[in-house]
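The structure appears right after this line, and notes come after that.
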Amino acid sequence: MPSKTSQLRARRRCAFRLPFWFAGMALGGASVVGAAEMIQEPLAQMQGLDKITARVSQFEAPVGKTVRFGNLSIVVRDCRKSPPEERPENAAFVEIYEARPGEEKERLFSGWMFSSSPALSALEHAVYDVNLLACKGGAAPSAPAAAPSAPAAPAGRTRGKTPR
């Protein structure tokens, strides 16, 4: 049987570690493994606010292509979303440049944007705010082609018996 001193030390170690375990679980430590399982998507749905006109615009930015919003050039390098069975989250690596007439492009933002916390990772500019709404798949699949119907019977003739 362990001595009372060793039992006391074991309790202290457990009491010291337990709050950190709970804090890790509260901050999503259980889903850290899920972060590697995010689904890559080809489109980022973004939202921009023009503070001068007070207009909010939603636009889609394909991964790897440049999209314009006002005098900003936005390039989404990667866009991922969490699997449907996990808590909804979208993350995109975005680079935003400002092009002023007669000047070189200036990088305003380069980093990850998260849809669940836009204030944490949005572009804040004197004129524009830009944030991520969602990562989406490409164009919706087209409707399946209609099955060919039976050829119409020639006029004046019918197939089989018909009620009179």
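Read-outs throughout are calculated quantities, based only on the coordinates presented, and are distinct from any laboratory measurement. The structure displayed is predicted, hence computed values, not measured ones. In this analysis, Cβ positions are derived from the backbone assuming ideal geometry, glycine residues included, and neighbour counts consider all displayed protein chains.
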Which whole-Hz couplings ³J(HN,Hα) result when phi for each residue of the stretch 100-108 is put into the Karplus expression 6.51 cos²θ - 1.76 cosθ + 1.60, θ = phi - 60°, listed in order with x for Gly and Pro? 9, x, x, 10, 6, 5, 10, 6, 9
Please list, in chain and number order, the residues 5+ apart from GLU41 or on another chain whose amide H is under 5 Å from its amide H, with Hs placed from the backbone. CYS79, ARG80, LYS81
Report the one residue of HIS125, SER82, VAL56 whose Cα lies farthest in the direction of the positive end of the charge dipole of the stretch 39-136 (charges on C-beta: Lys and Arg +1, Asp and Glu -1; origin at the Cα centre). VAL56
Three-way shape call for the stretch 39-136 based on the alpha-carbon gyration tensor, with the a/c threshold at 1.5: prolate
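How would you order 42-51, 80-89, 101-110 from highest to lowest mean count of nearby Cβ atoms within 10 Å? Before the final figure, lay out each step's value.
Numbers: 42-51: 19.1, 80-89: 13.7, 101-110: 10.2.
Averaged packing, sorted descending, gives the order 42-51, 80-89, 101-110.
Where the only charges are on Cβ atoms (+1 Lys, Arg; -1 Asp, Glu), what is the dipole of the stretch 39-136 about its Cα centre, to the nearest 20 debye? Don't skip to the end; give the middle numbers.
On the way: 12 positive and 14 negative charges, 36 e Å.
With Lys and Arg at +1 and Asp and Glu at -1, about 180 debye.
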In this structure, the FRET efficiency calculated for PHE114 and PHE59 from their beta-carbon separation, with R0 = 30 Å, to the nearest 0.05, is 0.95
Taking H as built 1.01 Å from N, whose amide H comes closer than 5 Å to the amide H of LEU108, not counting residues under 5 places away? ILE96, TYR97, GLU98
Along the Cα→Cβ direction, 7 angstrom out, place labels at ASN71 and GLU104. What is the inter-label distance in nm? 1.8 nm
